[in-house]
Amino acid sequence: MRWLPPLQRPTFGCVVGWGLKPTTKRARALSKKSDAEFLALEDGFLRSVLPGPDTIPLSLVIDRTGVHYDSAESCDLERLIEQSASNLDRRRLRRARKGIATLGRHALSKYNHAPRRTAKALGLSPNRRLGRVLVVDQTAGDCSISYGNASARSFDEMMAAAQRENPGAEILLKVHPEVVSGRKSGHLTKVDGPSIRIIDFDVNPWSLLDQVDTVYVVTSQLGLEALFARKRVVCFGAPFYAGWGLTDDRVATQRRTARPTLEQLFAAIYFDYCRYLSPQSRNLIHFEAAVTSLIKERRRVAHIDELGWPVAGA
């Protein structure tokens, strides 16, 4: 690298890095050294049809003050949720209610390559007299776990609590899509028992939410979608949607004192925080246009119809 005199050294309007990954250390150091703003990027909550690094995200989040999955520090998303909790604009709340209904109706999640399946196709017992709960595993090394005030041990504690608190209930253990594909490993790999049904194949998560009463998570985004499905959500970590009075929190987050409604939480996350890019033009688009684009892409790539079911004859 050629040395430049002080007056010729480059200046930066901002420096960009990916969340809190170790690979951002140099970018953060450069930001500090050059007195430039650091912008933390992460995948948005409606990411793509297919998982994996080879797929361009439909949505991104940009945070100027922190990272949304770091429960130890404040961030832009927390500020937006706090502001949204006092925003009573009727048009905004109607739009949020419609957005929540849209996610459920079209079975949209972070990844969207897996089709909906019926209870029979899932191999579930027809007898739900004692209830049914969902336990969500995550990939080992997921940054949101350690930064969400949790650890690998949290998953064992979560599974033990799900069994203890729901005696006789059928327990569905959801394996992460990246583990199903073989790209990564999970935590709850040795769990077994007559009442445990391991979901280690691709399935749209809304199919599982339709079948359960309670959802146990550490920091998984599936807990947020479970809230939208009006399920009881128990958190063994401190994800960005916990601590606001909407979840059963086993880890305290004292800083989060606002009490948003579900619609206000949705609006802050999906309208204010997320940014959506058109796959064709790469221009910014709004939430509703992103949903339409994702549904079309899902049909083209994964042969799944607009409601999340496999396309007949595909």
Label ARG282 and VAL16 with points 7 Å out from Cα along Cα→Cβ: what is the distance between them in nm?
0.9
When we measure straight from the Cα of LYS32, which lysines land under 19 angstrom away, once same-chain ones fewer than 8 places off are left out?
LYS21
Need the list of aspartates and glutamates near LYS184 for cross-linking: C-alpha distance under 20 angstrom, and skip anything on the same chain fewer than eight residues off.
GLU42, ASP43, ASP54, ASP137, ASP142, ASP156, ASP200, ASP202
Cα extents of segment 113-262 along the three principal axes, largest first (Å)
43, 34, 31
Whole-Hz couplings from phi, Karplus 6.51/-1.76/1.60, listed for segment 204-216; x for Gly and Pro
4, x, 5, 5, 6, 4, 5, 9, 10, 9, 9, 10, 9
Average the reciprocal distances over every distinct pair of alpha-carbons in segment 226-275, invert the result, and give the Kirkwood radius in Å.
11.4
Determine ³J(HN,Hα), in whole Hz, for all residues of segment 52-64 in sequence, where each value follows from phi through the Karplus function 6.51 cos²θ - 1.76 cosθ + 1.60 and θ = phi - 60°; x replaces Gly and Pro.
x, x, 7, 9, 6, x, 6, 9, 9, 10, 10, 10, 8
Computed Rg/Rh for the chain (Cα atoms; Rh = Kirkwood radius) stands at 0.99
Whole-Å distance, taken between Cα centres, linking segment 234-302 and segment 110-179:
20
Could you run the Karplus curve 6.51 cos²θ - 1.76 cosθ + 1.60 with θ = phi - 60° over segment 246-251 and give me ³J(HN,Hα) per residue in whole Hz, x for Gly and Pro?
9, 10, 8, 9, 9, 10
Please work out how much length the chain gains when fully extended from HIS303 to SER146, using 0.36 nm per residue of separation minus the C-alpha to C-alpha distance, in nm with one decimal.
52.9 nm
Give me the number: length gained by fully extending PHE271 to SER125, i.e. 0.36 nm times residue separation minus the C-alpha to C-alpha distance, one decimal in nm.
48.7 nm
LEU39's amide H: which non-local residues (gap 5+, or another chain) put their own amide H closer than 5 Å, with H modeled 1.01 Å from N in plane and none for Pro or chain starts?
VAL15, VAL16, GLY17
May I ask you to list the lysines whose Cα is less than 20 Å away from that of LYS25, ignoring any residue fewer than eight positions away on the same chain?
LYS33
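Read-outs: derived from the displayed coordinates by stated rules, not from any lab. What you see is a predicted model, and the numbers here were worked out from it, not measured in a lab. Positions of Cβ are backbone-derived with ideal geometry, glycine not excepted, and every protein chain shown enters the neighbour counts.
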